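Below is one structure, written out as structure tokens, with a few remarks after it.
The values are calculated or read from the model by the stated rules, or taken from the named source; none is laboratory data. Computed from a predicted structure; not experimentally measured. Here the Cβ is made from the backbone with ideal geometry for all residues, glycine too, and neighbour counts use every protein chain on show.
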Amino acid sequence: MRMASCTTIDTLRGRLRRNNVPLGQQPEAGASKGTASGTMCRCTQASHVSRGVIRVRRALALALVLVVLGSCAACTTNSARSPTTTLSTTTTTPSTRPPHGDVPYGPGGAWRLVFSDHFTGTGLDAANWSTCYHWGCTNGGNNELEWYRASQVAVHDGTVSLTVVPKRTNGKTYVSGLLSSYGKFSFRYGYAQIVAKLPRGRGLWSAFWTEPESGAWPPEIDIMENWAQSDSVSLYVHYNASNQFDSSTVYLPTASSAFHSYGVDWEPGSVTWYVDGFLWAHFAVSITQPEYLIADLAVNGTFPPNSSVQFPRSLVIRSIEVWQHPSRISAQTTH
């Protein structure tokens, strides 16, 4: 395993300038869990199992240095490129402020809201979501211990909770909740954002990610991924037939006690990650096919929950939204 090393603020500023991403600014628009035979691909922290039956080793970006009222260096890793082409960004410490209004909480520019669910009322909007994968209700190729059931998805008080409890079902040890927009909404380019509070406990595995509507894999964009025994929240981008990937990690000790926003600006030739409105990572990656949304709370079979985990545990989501530039809204948006 190769770990990223954090650099000084001055070095990071130099890298940003060399990559034409000025510090404190967003890249310009347009700048330069997979499914395979019924299984998806999702990386585990310890075994480095890529999302699906294909197992690969990948670098896991771990270390961030947070200095309160100062600055913070975020380290990114890259599975295929040399370190000289890896871009690290520098931000201030993420806050717990929720997004406001129907605008992305991060990138500027002209946007139009094309998908929004604030989970009002008392029931899940079936026009937006299914509560299982389109091939079934578990990920058989990823050593997960949960079976997804609609009963574990509850809308209340302007949120939706995906809740896991021990219950043996269809050969699995736990039942949990999942949201999938497959066949209901997909998009090609735009800004996808979740506002969520993550559960805490060994073996719990929260994620918000995209998969190709075509069923092919890769590509995949993991907008938020967290192993709940850790204070780190990660971004992964899988691409190319050989499953190359880029990743970045942010240390966020309040991820389980406060709501935070996690978003990705997916443009032709690039993917840019924002946490609480701050630009955290930017990768020159080309993903061109329409993708749909998934949010889920899985249970890791490699490091399963122990006796210290008190159930039930929930991934609580306040909103999921997607914006596109007005010039790019097209039939690719299938909602």
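Quick rundown of the values:
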read-out	value
Residues (touching a Lys or Arg at 6+ places or on another chain (Cβ under 7 Å) and within 27 Å of E321 (Cα to Cα)) located in the stretch 140-157	E146, W147
Selected residue (only one of K197, K184 is modelled with pLDDT of 95 or more, under 29 Å from S307 (Cα atoms) and charged (D, E, K, R))	K197
Verdict on T173 being surrounded by 24 or more Cβ atoms within 10 Å (Cβ to Cβ) and either touching a Cys at 6+ places or on another chain (Cβ under 6 Å) or modelled with pLDDT of 95 or more (or both)	no
Filter pass, Q310 being under 24 Å from P219 (Cα atoms) and in a loop (DSSP other than H, G, I, E, B)	no
Yes/no for A192 being small (G, A, S), assigned to a strand (DSSP E or B) and on the phi < 0 side of the Ramachandran plot	yes
Counted residues, the stretch 148-175 - those being closer than 19 Å to S319 by Cα and not hydrophobic (A, V, I, L, M, F, W, C)	7
Members of the stretch 280-306 that are among the small types (G, A, S), in contact with an Asp or Glu (Cβ under 9 Å, 6 or more places away or on another chain) and not in a loop (DSSP other than H, G, I, E, B)	A281, A298
Residue match in the stretch 126-139 (condition: out of contact with any Gly (no Cβ under 7 Å at 6 or more places or on another chain) and at pLDDT below 95)	yes
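Matching residues to (1) within 9 Å of the chain's Cα centre (by Cα); (2) part of a strand (DSSP E or B); (3) buried (at least 23 other Cβ atoms within 10 Å of the Cβ):
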| position | (1), (2), (3) |
| --- | --- |
| R202 | no, no, no |
| W209 | yes, yes, yes |
| P218 | no, no, yes |
| A255 | no, no, yes |
